[in-house]
Amino acid sequence: MAMERTTVTLSIDGTASEVSTDAETVGQLLAAEGVEISERDVVAPGPDTAVTEGTRVAVRFARPVDLTVDGDTSRHWVTATDVTSALDQIGVRYADARLSSSRSATISRSGMNLRVVTPKTVKLVVGATKPRRVEVAATTVRQALDLRDVTVDRWDLVSPRPNTTLDDGDTVRVTKVNYIERTVRNESLAVPTQTRSTDELYEGEERVVRAGRSGDRDATYRLRWVNGELRSRSLVSVSDVNRPVARIVEVGTKEEAAVEAFASGNTVWDALAACESGGNWAINTGNGYYGGLQFNLGTWQSYGGTGLPSENSRETQIAVATRLRDASGGYGAWPHCSAQLGLPQ
């Protein structure tokens with residue numbers, strides 16, 4: 001005797017169709033229709049449930065969703081067939097996040113790889129502008145800059161590096177660097193100085209042998225600007241060079257004879273010095289008179305003396321005094337001591 005057939009509604013992942021079957025249970029029905037069930041799949045009513053006329057059987061196949069959130073991946077099994085429903089089953093929404101697939105995208109039985117980038121609040125500093133706090137759904141510094149439409153030019157510096165993983169609270173800084181070449185026409189070249197020794201001059205003395213002459217050139221410089229400020233300048237090339245002529249200075253090497261404080265002698269000048277300074281040719285008491293013959297500085301210089309009289313030798317002081325005596329016709333420049341010695345005034 002033929003078994004009585006019944007008509008049931010079979011729904012596979014939401015797609016329903018009517019099936020005529022002689023199966024007595026849901027499990028037999030699915031086997032007859034070639035529907036294989038795994039332990040993760042959902043069947044309602046259960047496989048042992050009896051099938052009667054009009055029974056509705058729903059099958060939802062489990063599928064893997066490999067969910068990567070800010071670089072961290074985990075696998076979830078869901079029976080949902082779209083992204084929004086799958087996230088609901090997993091228990092996350094990520095309302096303001098950036099997803100690799102549309103929320104309405106279909107998830108096939110083979111599953112889906114879904115990448116989620118959550119929003120992060122970071123401090124963004126671009127060039128010389130004031131820091132500002134922005135929210136970006138990015139996993140790296142480069143993505144954050146792209147999302148904020150920040151252009152990074154060839155020489156710009158980005159900190160942290162563009163491929164660095166972005167964390168909430170990070171500071172991203174873009175230093176704007178620019179190079180410009182600029183040519184300076186007729187740039188002046190300073191006069192160099194060359195020195196050479198001569199024994200014609202005493203130590204500490206010098207004389208200019210050649211004055212020298214400045215030069216000029218056309219110079220091209222590379223200017224480095226950082227955040228709108230000039231930070232460095234380097235020479236790239238020069239042309240049309242008029243070389244400067246060096247200034248030549250001769251420096252004396254001849255040693256002066258040491259001043260003897262009580263140089264001996266039997267001249268009238270020695271007698272005069274004995275009266276004026278006790279014969280101390282190096283005396284400098286700070287009263288404005290110097291040396292054995294007690295010159296003031298004005299008189300000393302007027303008759304060819306250099307430096308201080310007390311710094312010169314007995315012979316040099318006598319030579320200057322002789323010029324003074326000859327010019328004045330006597331020893332009147334030393335009135336007290338010359339009178340004591342009976343010298344002509």
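Every number here is computed from the coordinates shown, using simple stated rules; none is lab data. Since we're looking at a predicted model, the values are computed, not measured. For neighbour counting, all protein chains shown are included, and Cβ atoms are generated from backbone atoms with ideal geometry for every residue, glycine included.
Descriptive notes on the structure:
- Calculated [222 nm] ellipticity per residue, helices only, for the chain: -5000 deg cm²/dmol; basis is -39500 (n - 2.57) per DSSP H run with n ≥ 4, divided by all residues, nearest 500.
- For the stretch 120-175: rounded, prolate or oblate by the Cα gyration tensor [a/c cutoff 1.5]: oblate
- Answer label for percent of Cα pairs over 25 Å apart (calculated), chosen among (1) 47; (2) 77; (3) 52: (2)
- Partner aspartates and glutamates for K254 [C-alpha distance under 16 Å; skip if fewer than 8 residues away on the same chain]: D199, E200, E203, E205, E206, E311
- Local net charge near V249, Cβ-Cβ under 14 Å (Lys/Arg +1, Asp/Glu -1): 0
- Using C-alpha pairs below 8 Å separated by at least 6 residues, the relative contact order for the stretch 184-254 is 50 percent.
- Cα shape, the stretch 108-266, gyration tensor, a/c 1.5 rule: prolate
- Counting only DSSP beta bridges whose two residues both lie in the chain, roughly 75 percent are antiparallel.
- Order of T55, T84 - criterion: other Cβ atoms within 10 Å of each residue's Cβ, fewest first: T84, T55
- Candidate aspartates and glutamates - alpha carbon under 19 Å from K120, same-chain residues fewer than 8 apart omitted: D70, D72, D96, E135, D146, D149, D167, D168, D170
- 3J(HN,Hα) from dihedral phi, the stretch 40-50, Karplus parametrisation 6.51/-1.76/1.60, rounded to Hz, x for glycine, proline: 8, 6, 10, 10, 9, x, x, x, 8, 6, 6
- Value of relative contact order over the chain, rounded to a whole percent, pairs C-alpha under 8 Å and six or more apart: 8 percent
- Between 0 and 90°, nearest 10: helix 314-328 axis offset from the chain longest Cα axis: 60 degrees
- The stretch 4-78: relative contact order as a whole-number percent, Cα under 8 Å and 6+ apart: 33 percent
- Fewest-first ranking of K176, K254, using other Cβ atoms within 10 Å as the exposure measure: K254, K176
- Principal-axis analysis of the Cα atoms of the chain puts helix 268-277 at an angle of about 60° to the longest axis.
- Cα-based shape type of the stretch 184-254, given that a ≥ b ≥ c are square roots of the gyration tensor eigenvalues and the cut on a/c is 1.5: prolate
- Within the stretch 120-175, DSSP assigns beta bridges of which about 70% are antiparallel (rounded to the nearest 5).
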